[in-house]
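Here is the structure we will look at, set down as structure tokens.
The values are calculated or read from the model by the stated rules, or taken from the named source; none is laboratory data. Note that this is a predicted model, so its numbers are computed, not measured. Ideal geometry is used to build each Cβ from the backbone, glycine not excepted, and the neighbour counts take in all protein chains shown. Note: accessible area is taken over every heavy atom of the protein model, side chains too, but ligands, DNA and RNA are not part of it. Shrake-Rupley method; radii C 1.70, N 1.55, O 1.52, S 1.80 Å.
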Amino acid sequence: MSSNYAFRKQIINWSLLLFCGHTLAQESVLINSGAREFYREDQFYIALSYDLLSEVPASVATRGLIGGFQFGFIRDWPINGQGTWSVGTGIGLGYDRYGQNVVAQSSQGSDPIWTIEQSPSAIDNNSLQITALEVPLELRWRTSDARTYKFWRLYAGAKWSQHVAARTVFTGQEGSETLTDIPQLRKGIWYATVAFGYGIFNAQLQWGLTPLLLEVQDSETQQSIGLRPIKLGIMFYIL
């Protein structure tokens, strides 16, 4: 009985949250100066992404689950009378899992050692997992008006991703290890972002402007490992 009650309570809380977001997002004020209308397209967003890594040696390969999830809220600031152009500022949270064959291992008295594991059978599970606080900034163009909530859009801008938690997880034939102290991981990075679509469903690209790792090399070949992220995905805007 208690589990069913908790489930129903969660459904009610999420329903109230979405209802409040829908009411806030459709805010519009008519101005009596000609045909000019002032309105905002405030939005909650949810994004799913497939995460790729560039700036890595050719021997680096993806393994296991790869992808990310982001959600948050963006405030809309119109900059022309028709409302077709605006600036968006927001805040959100993101989680990304990069499954690959770059193994981080602890070492005594120094930073973790990174090795590109060439044997697939030596890895059962290996990933870099990052949770981040995200601050998007967008220049927005759309075909909406104060009474139309399904429209074409093109949003382009930048996003700061501040890493708040990170870990590497490795499981293999010789044991397992999880690291949460990763000095070579940047505290955060900038992304260039673009989203295009119609209505709720939109394609999105996020391009990391700097690598995730600082001056990391393969312990065996001395090849540089930067791990610059590229995220391809779908963005859902909830009015």
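Beta carbons closer than 6 Å, at least 6 apart along the sequence or on distinct chains, pair a first residue in region 44-69 that is among the basic types (Lys, Arg) with a second that is in a loop (DSSP other than H, G, I, E, B) for ARG63/ASN101. Being at pLDDT below 95 and either outside any strand (DSSP E or B) or within 16 Å of the chain's Cα centre (by Cα) (or both) is the filter; apply it to region 68-81 and report the residue that is farthest from LEU227 (Cα to Cα). This residue is GLY81. Does region 146-171 hold any residues that are open to solvent by 60 Å² or more (accessible area, probe 1.4 Å), part of a strand (DSSP E or B) and either farther than 30 Å from TYR39 by Cβ or touching a residue at least 60 places away in the same chain (Cβ under 8 Å) (or both), and which are they? Within region 146-171, GLN162, VAL164, ARG167 qualify. Screening ILE234, ILE130, ILE189 for residues that are surrounded by fewer than 18 Cβ atoms within 10 Å (Cβ to Cβ) and within 21 Å of the chain's Cα centre (by Cα) leaves exactly one candidate, ILE234. Taking the stated definitions as given, is ILE123 buried (at least 16 other Cβ atoms within 10 Å of the Cβ), over 24 Å from the mean Cα position of the chain (by Cα) and of a type in the set (Val, Ile, Thr)? In short, yes. Among the residues of region 194-221, those that are open to solvent by 10 Å² or more (accessible area, probe 1.4 Å), of a type outside the set (Ser, Thr, Tyr), in a loop (DSSP other than H, G, I, E, B) and over 29 Å from TYR155 (Cβ atoms) comprise LEU214, GLU215, GLU220.
Tell me which residues, restricted to region 105-145, are part of a loop (DSSP other than H, G, I, E, B) and not β-branched (Val, Ile, Thr). Selection gives GLN108, GLY109, GLU117, GLN118, SER119, SER144.
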